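The values are calculated or read from the model by the stated rules, or taken from the named source; none is laboratory data. The model shown is predicted, which means the values in this text are computed figures rather than measured ones. A quick note on method: Cβ atoms are made from the backbone with ideal geometry, for glycine too, and the neighbour counts reach across all protein chains shown. Accessible surface is based on the protein model in full, side chains and every heavy atom, while ligands, DNA and RNA are left aside. Shrake-Rupley method; radii C 1.70, N 1.55, O 1.52, S 1.80 Å.
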Amino acid sequence: MVVREHRSEAGKPVLGFALLTVSDSRNERTDKGGALLASLVGEAGHRVVSRGLVRDDIGEIRGEVQAALVLPEVDVVLVTGGTGLAPRDVTIEAVEPLFDKGIPGFGELFRMLSFAEIGAAAMLSRATAGLASGRAIFLLPGSPAAIELALSRLVLPEIGHLLAQARRPAKRLP
């Protein structure tokens, strides 16, 4: 089956998104990344189920993502911030252990597209994605330009198809 047919089968469902900003320096008023996530998700016709802000702390980040994963109305978790190489950047370490399956193509494509915009500095991003409990999780950089790129070029155009594939029943062998 070609990609177009898979996408048409997936349709355009309204999905529920949990949004989480990881930052030691932002608060609800200064969280531009979280506000941009909410705006882009809403503009695409989806629902923001929850929105939070957490410090760069492995336990706190993991706990917030796990809390989002138990909400039945959440289909997608978007985490912004903490994906770089600085010592306090621990989002990847906090969330990757929760993945049932990784989606390495997301990070690869994100860095390729970023390279076209910012050059070699794109290699400093550890943006990644995976599936956990039938939900998609995307770990994104905190910059508004990176959030815009990830959501407009990768996540939002493909999320319905991605979840439709991830949630397909396994075929039994005869």
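A few remarks follow.
- In terms of the mean number of neighbouring beta-carbon atoms within 10 Å, the peptides 62-71, 112-121, 150-159 order highest first as 150-159, 62-71, 112-121.
- Summary of packing: across the peptides 137-147, 37-47, the per-residue average of other C-beta atoms within 10 Å ranks them, highest first, as 137-147, 37-47.
- Classified by the C-alpha gyration tensor, region 49-116 has an oblate form. Its axis ratio a/c, with a ≥ b ≥ c, is 1.5 or above, and a/b does not exceed b/c.
- Added length on full extension, which subtracts the Cα-Cα distance from 0.36 nm per residue, ILE58 to LEU113: 17.0 nm
- Each Lys or Arg adds one and each Asp or Glu subtracts one; over the other residues with Cβ under 10 Å from the Cβ of PRO141, this totals 0.
- Gyration tensor verdict on region 100-158 (Cα atoms; rounded if a/c is under 1.5, prolate if a/b is larger than b/c, oblate otherwise): prolate
- Computed over the chain: relative contact order in percent, which uses C-alpha pairs under 8 Å that are six or more apart: 25 percent
- Region 91-174, accessible surface, carbon-and-sulfur percent (1.4 angstrom probe): 62 percent
- Cα shape, region 13-71, gyration tensor, a/c 1.5 rule: oblate
- From the coordinates of this entry, Kirkwood radius over Cα pairs in Å is computed, and it appears in (i) 16.3; (ii) 18.0; (iii) 19.7 under the label (i).
- Taking amide H as placed 1.01 Å from N in the peptide plane, the amide H of THR128 sits under 5 Å from that of LEU139, each at least 5 places away or on another chain.
- For the chain, calculated [θ]222 nm from helices alone, where every DSSP H run of n ≥ 4 adds -39500 (n - 2.57): -11500 deg cm²/dmol
- Centroid-to-centroid separation of region 118-138 and region 36-106 [C-alpha atoms, Å]: 10 Å
- For a straight C-alpha distance cut-off of 26 angstrom, the lysines reachable from LYS101 (same-chain residues fewer than eight places away being disregarded) are LYS12, LYS171.
- Ranking of LEU20, LEU53 by solvent-accessible surface, largest first: LEU53, LEU20 (1.4 Å probe, protein heavy atoms only, all chains present).
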